[in-house]
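One structure is given here, and the rest of the page talks about it.
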Amino acid sequence: FGVVVKLKKVPFKVKLFKLVAPNGDIDWLITNELDDNLTTQVAQHANDVRWQVEEFHRELKQLTGSEKC
């Protein structure tokens, strides 16, 4: 489960997750969703989906040249 923290320059509390990949890489995920039912697995899944969207947008821009428009 994540840890609820208060960051100095953020006016509200956030939940912090440490995600460790099988190869040992560490990602930090921060969300403003403080629900107790938000588990590390749910946060990991949301992060995986977000990354797929990022990859899609990057490929779309590269393949269509849309960043030049």
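The numbers here are math on the coordinates, done by the rules we state, and not lab data. Computed from a predicted structure; not experimentally measured. Cβ atoms come from the backbone with ideal geometry, glycine included; neighbour counts cover every protein chain shown.
For the chain, the Cβ-based charge dipole about the Cα centre amounts to some 440 debye (Lys, Arg positive; Asp, Glu negative; other atoms uncharged). For the chain, compute Rh as the Kirkwood radius over C-alpha pairs and then the Stokes-Einstein diffusion coefficient at 10 °C and 1.306 mPa s; write the answer in µm²/s, rounded to an integer. The estimated diffusion coefficient comes to 113 µm²/s.
Compute the longest continuous run of the chain that contains no exposed chymotrypsin sites (Phe, Trp or Tyr not before Pro); treat a site as exposed when its DSSP state is not H, G, I, E or B and it has at most 15 other Cβ atoms within 10 Å. Kindly include the intermediate steps, with their values, before the conclusion.
Working: sites that count: Phe1, Phe12.
With chymotrypsin sites (Phe, Trp or Tyr not before Pro) excluded where exposed in loops, the chain gives 13-69 as its longest stretch.
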